[in-house]
Amino acid sequence: MSVITSQRVLFLVFCRSKRLISIVNEERNWSGTTVRSVSVIYVNRNVLLKPHPSRLQSWNEKVFYFQQPTAQKNVSTTVYEEIDMELSGAHILVDGLKREGVEYIFGVNGGAAMPIFDALYDETEVKLIPMRHEQGASHAADGYARATGKVGVALATSGPGATNLVTGIATAYMDSIPMVAITGQVMTEFIGSDAFQECDVIGVTRPICKHSYLVKSCDEVADVVAEAFHLARTGKQGPVIIDIAKDAQRAETIFQHPDTVDIRSYKPQVNGDPAQIAKAAALIKEAKCPMLYAGGGVVLANASEELRKLTLNTQIPITVTLMGLGAFPETHPLAMEMPGMHGSCCANYAFTDADLVVAIGARFDDRVTGDLGKFAPKAKKIHIDIDPSCIGKNVPVDVPIVGDAKNVLTELNKLVDTADIDPWRNQIQEWKQKYPFEYEQKGNKVMPQYVIEKIYEHYSDAIVVADVGQHQMWAAQYFKFTDPRTWLNSGGLGTMGFSLPAAIGAQLGCPDKTVVNINGDGSYIMTIQELVPAITMKLPLKIFIINNMYLGMVRQWQELFHDKRYSAVDYHDNPDFALLAQAFGATGLRVEHPEDVEPALLKAKGINDGPVVIDFIVDEEENVFPMVPAGAGLGDVIRGLS
């Protein structure tokens, strides 16, 4: 023990990962303090303080004191010897995540990732969210990314932990969602030996990610993290994999985080060619029956304002895909609503008669186009997309423009004005009025469309996270979205089980917003275990189950195209989801009559100290209409009601 006389000190407080939290000038008497053999302290990422041993004292193991040099009076100008930093690969990884602005990591612990989880133990800047299944972790990271526009992060161990992430990675890849998936890997010496919980994560994920890294040395970690986030969030966004060996997590090295990322082979084109933009403007001016066709790329590029300006300036009718809902207000007179297999008759008929289609951040998906031989047969086509491989892949185009939607629309808006197309606008309004989305009330049954309408009435400003199936289509049809990043769903892969964990990510990313999860009975039970972290964190999720006791969309196809041979779709053996929610510790309600729908929604609105689950028992055999049968053209739509 040593006795320290009264002296001027710098008061440094920092957590276990050695990150500086605060600096305060204090003058105190310190007696009986234990001299520690600490020689270096990590401050503000790459800067280390190396104090004179006689000046270093320790108190409560996490507070260190350095005598302020007498020559310096201002703390901010105090100069200590700056030296290189040495940390473990796991701590370098975590520090890299902090540099990238990561708020949450969604993960499930396991042997090959334990050093990373240990490095997160005392972290305050990055919060670890323990999920109950790795698929839930990847969907939560995805939902966070969709709702915020930031990169979502999922973390799992090797082998089955990594493979459980695969569905979520593929979901993000199909919808171009920025995500970094981090997986632990067995020790470098065991890679390729069929060691316990070893899996070739790079080989498994190569077709479903933007890029992947196998990290075998702690010297690579800082650069890999910076590159991974750069790749995930730029160009055509998407998931990136970091598979890091356990010995690389444990080993220590001197490092510096890169200030910039420059990948020679990766230079996405973000500005459209001016000549091509001019050609597009000329076609728009000449067209008599033009339409705008906007997709999820508009939302991802944060280009909704530019799209709205283009639409309002030109007064051209617009249809927005399932992935792009909210990019343009569905309540606006120019909005033709969603196109495609279960889209509006108006949008589908417009494609059939249009003489110009301006595609923005959309990829001419088969669920939009129907029979390609019959798709927009009279129209010239302009295609704006950040990904050159998407242009011309499904549909030949007349004016291709490679670039970021926000940048391209900004330039295009300078060249266009109001289109002289009054007869075409009148035709669009006639179709909208003649062929709205509609359904028939059947006796005293709860109709699923009615439930969605009532949810919209009470939660019109919410972030809606839908799963996959009939309820997804009804939500897209009857909920009128007006803002981007308020409609989240798995559009490309169509992943059942996506929505509950994605809603958790969305709620954490947007704590001031109400998050509504519209789910189906078949999809809800696939990831129902993720109700546990939602309850633990007291997230005020509104979970509304459209329960028809079937895998509804599959049953609909079996009814229409397989003579009602309902094979493996009957879910009448489902549990009581309201009682099950209560067993988990959430509020659970069950609705079986139309008059109980609104009171249940109002009750849910008043509960904000945890999730509310409402099990809506709806008509079992109600179908989604309109419907364009597989292989048919958009003009061959089945309207449902005459």
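We did not get these values from a lab; they are worked out from the coordinates using the rules stated. None of these values were measured; they are calculated from a predicted model. In this analysis, Cβ positions are derived from the backbone assuming ideal geometry, glycine residues included, and neighbour counts consider all displayed protein chains.
For the reader, a short list of remarks on this structure follows.
- Sites GLU305 and ILE254, calculated FRET efficiency, Cβ-Cβ separation with R0 41 Å, nearest 0.05: 0.35
- When only Cα pairs below 8 angstrom with a gap of at least 6 residues are kept, the range 309-350 shows a relative contact order of 32 percent.
- Partners for LYS442 among lysines (Cα-Cα distance below 19 Å; same-chain residues under 8 apart left out): LYS454
- Taking every alpha-carbon pair under 8 Å whose residues sit at least 6 apart, the chain reaches a relative contact order of 12 percent.
- Volume per residue that the Cα convex hull of the range 87-254 spans, once the total is divided by residue count, Å³: 91 Å³
- Expressed in units of 2.2 N^0.38 Å, where N is the residue count, the Cα radius of gyration of the range 289-342 is 1.01.
- Relative protection proxy for 168-176, 383-391, from highest mean packing down: 168-176, 383-391 (other beta-carbon atoms within 10 angstrom).
- Look at where the Cα atoms of the range 169-212 and of the range 481-535 average out, and the two centres are 24 Å apart.
- Residue-span extension gain [GLU430 to ARG99] - 0.36 nm each, minus C-alpha spacing: 113.8 nm
- The H on the amide N of ALA251, modeled in the peptide plane, is under 5 Å from the matching H of GLY89, each at least 5 residues off or on a different chain.
- What the phi angles of the range 610-622 give under the Karplus curve with 6.51, -1.76 and 1.60, with θ = phi - 60°, is a coupling list of x, x, 10, 10, 10, 9, 8, 8, 9, 3, 5, 10, 6 Hz, glycine and proline written as x.
- Highest-first arrangement of 544-557, 622-635, where packing means the average Cβ count within 10 Å: 544-557, 622-635
- Between ASP573 and ASN413, the contour length at 0.36 nm per residue exceeds the alpha carbon distance by 52.0 nm.
- Counted by Cβ distance under 10 Å from ALA154, the other residues give a net charge of -2, where Lys and Arg count +1 and Asp and Glu count -1.
- Share of Cα-Cα pairs in the range 380-449 lying beyond 13 Å, as whole percent: 78 percent
- Principal axis dimensions, the range 274-420 - Cα atoms, whole angstrom, descending: 34, 32, 30
- Tail fraction, Cα-Cα pairs, the range 484-590, threshold 25 Å, whole percent: 26 percent
- Volume per residue that the Cα convex hull of the chain spans, once the total is divided by residue count, Å³: 188 Å³
- Proximal charge balance of PRO274 [Cβ under 15 Å; K/R count +1, D/E count -1]: -1
- Helical content alone sets the calculated 222 nm signal of the chain at -9000 deg cm²/dmol, taking -39,500 (n - 2.57) per DSSP H segment of four or more residues and averaging over every residue.
- Hydrodynamic radius of the range 161-319 by the Kirkwood approach over all distinct alpha-carbon pairs: 18.8 Å.
- Compactness of the range 387-539 - radius of gyration and Dmax, Cα, Å: 19.9, 58
- Förster-model FRET efficiency, 51 Å R0, ILE638 and ASP262, C-beta, rounded to 0.05: 0.45
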